[in-house]
Amino acid sequence: MKRARLANGLDVTAIGLGSAPLGGLFTPVSDADAEATIERAWTAGIRFYDTAPLYGFGLAERRLGTFLRQQPRDSYAISTKVGRLLRAPDGAAAEDDYYKSGQRERPVFDFSYDGVMRSVDESLGRLGLDRVDVLLVHDPDDYYDDAVGGAFRALQRLRDDGTVKAIGAGMNQSEMPVRFAETVPVDCFLLAGRYTLLDQGALDALFPVCTAKHIGILLGGIYNSGILANPHTGAKFNYQDADATLIARALELDELCRRHGNELKAAALQFGMAHPAVTVAVMGARNVAEIADNIAMSQTTVPQAFWQELRARNLVDARAPLPGGA
């Protein structure tokens, strides 16, 4: 599989496995299915794995660690996140709206220096690893000052002493990462859902500053939580039910794909990967079939006529580079 340089001598595969689905996002995933999914990703050549304490409240980290600690440590790269500590509530744990993992612990925001150091130690314990390669501040949307004054100070120390190779933030917005890029010496951002066939907001400021500063983009949410994989009434966009306007636009894109004999998922994935700021496409999967499908969508030939019509009909931002230079 094609590789690219992310930062500080860290090479990563062009496709990575995102582990939120393995943590039971929206629907539970069995231990057997999780293990088979990770193993299939490995045999397919995927060597970049992204996780977080939030994903299944520790379950995704545990599942990834069970497999990865059996592999040569220098043969893969793994990222996890900081900003949420997992703590058991005093009473019964309420059912979560997103993660169906069966875990009792629940996340508590903590972007302080000490909180981040505790978070890293606890993640390593769940993973069963002695180090991770990439650390990302996770969703500090309402905690900018805490992230700069606390979390990023901790991450810079860990990078400076060689504990990790790359630091950055993982967010579902493109505006705050621009502020981080201008304030903190970051190496990368995991950008979820903000550079897709339905949302190209990252072109306004984030991608230009990342290109100028050689900051890598780990691109997640390429299907916008599912609407670009299967557009229909009730489809998700940004983890919520999509509104009628978004569904109509996704259906228009799907119809265009069908007319040109290609799949919307292939167009969505290859559109994201075509931007030079994007280093890794982080693709979630909950079973072996989804891993195989992700690989297939990256390799499927999307006709140039499709990209040309997409451009001609102004269905994407004119600044967005398209595969093959269309």
**OP:** Hey, could you check segment 218-253 for residues that are in contact with a helix residue (DSSP H, G or I) (Cβ under 7 Å, 6 or more places away or on another chain) and either among the basic types (K, R) or in a helix (DSSP H, G or I) (or both) and say which is nearest to L322 (Cα to Cα)?
**Re:** L253
**OP:** Return yes or no: is L22 under 30 Å from P140 (Cβ atoms), part of a loop (DSSP other than H, G, I, E, B), modelled with pLDDT of 95 or more and not basic (K, R)?
**Re:** no
Subject >> Neighbours by Cβ (under 7 Å, 6+ apart or cross-chain): first from segment 221-238, surrounded by fewer than 20 Cβ atoms within 10 Å (Cβ to Cβ); second among the charged types (D, E, K, R) and in a strand (DSSP E or B) >> reply: G226/K236; G234/D241
**OP:** Please give the number of the condition L191 fails out of (1) open to solvent by 20 Å² or more (accessible area, probe 1.4 Å); (2) closer than 14 Å to A281 by Cα.
**Re:** (1)
Original post:
Within segment 32-89, how many residues are crowded, with 24+ Cβ neighbours inside 10 Å, acidic (D, E) and part of a helix (DSSP H, G or I)?
Top reply: 1
Original post:
Take the residues of segment 102-145 that are under 27 Å from V12 (Cβ atoms) and among the polar types (S, T, N, Q): which is surrounded by the fewest Cβ atoms within 10 Å (Cβ to Cβ)?
Top reply: S123
Original post:
Does A20 satisfy the criteria of being touching a residue at least 12 places away in the same chain (Cβ under 8 Å), at negative phi and buried (at least 17 other Cβ atoms within 10 Å of the Cβ)?
Top reply: yes
Original post:
Name the residues in segment 284-293 that are touching a residue at least 12 places away in the same chain (Cβ under 8 Å) and open to solvent by 10 Å² or more (accessible area, probe 1.4 Å), would you?
Top reply: G284, R286, N287, V288, E290, A292, D293
**OP:** State which residue is most open to solvent (accessible area, probe 1.4 Å) when the search covers only segment 154-166 and only residues that are under 16 Å from G115 (Cβ atoms) and within 23 Å of the chain's Cα centre (by Cα).
**Re:** Q156
Subject >> Subset of segment 175-217 (residues that are farther than 20 Å from L155 by Cβ and either in a strand (DSSP E or B) or among the hydroxyl-bearing types (S, T, Y) (or both)) >> reply: Y195, T196, T211
Subject >> Residue check, L256 among the hydrophobic types (A, V, I, L, M, F, W, C), part of a helix (DSSP H, G or I) and open to solvent by 40 Å² or more (accessible area, probe 1.4 Å) >> reply: no
Original post:
When A202 is evaluated against the numbered criteria (1) in contact with a Lys or Arg (Cβ under 8 Å, 6 or more places away or on another chain); (2) open to solvent by 10 Å² or more (accessible area, probe 1.4 Å), which criterion, by number, is the only one it fails?
Top reply: (2)
Original post:
Among the numbered criteria (1) over 15 Å from G168 (Cα atoms); (2) under 18 Å from the mean Cα position of the chain (by Cα), which single criterion is violated by D121?
Top reply: (2)
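The values are calculated or read from the model by the stated rules, or taken from the named source; none is laboratory data. Model, not experiment: these values are computed from the prediction. Every residue, glycine among them, receives a Cβ derived from its backbone with ideal geometry; neighbour counts consider all protein chains shown. The protein model used for the area step is the full one, side chains on, heavy atoms only, and it has no ligands, DNA or RNA in it. Shrake-Rupley method; radii C 1.70, N 1.55, O 1.52, S 1.80 Å.
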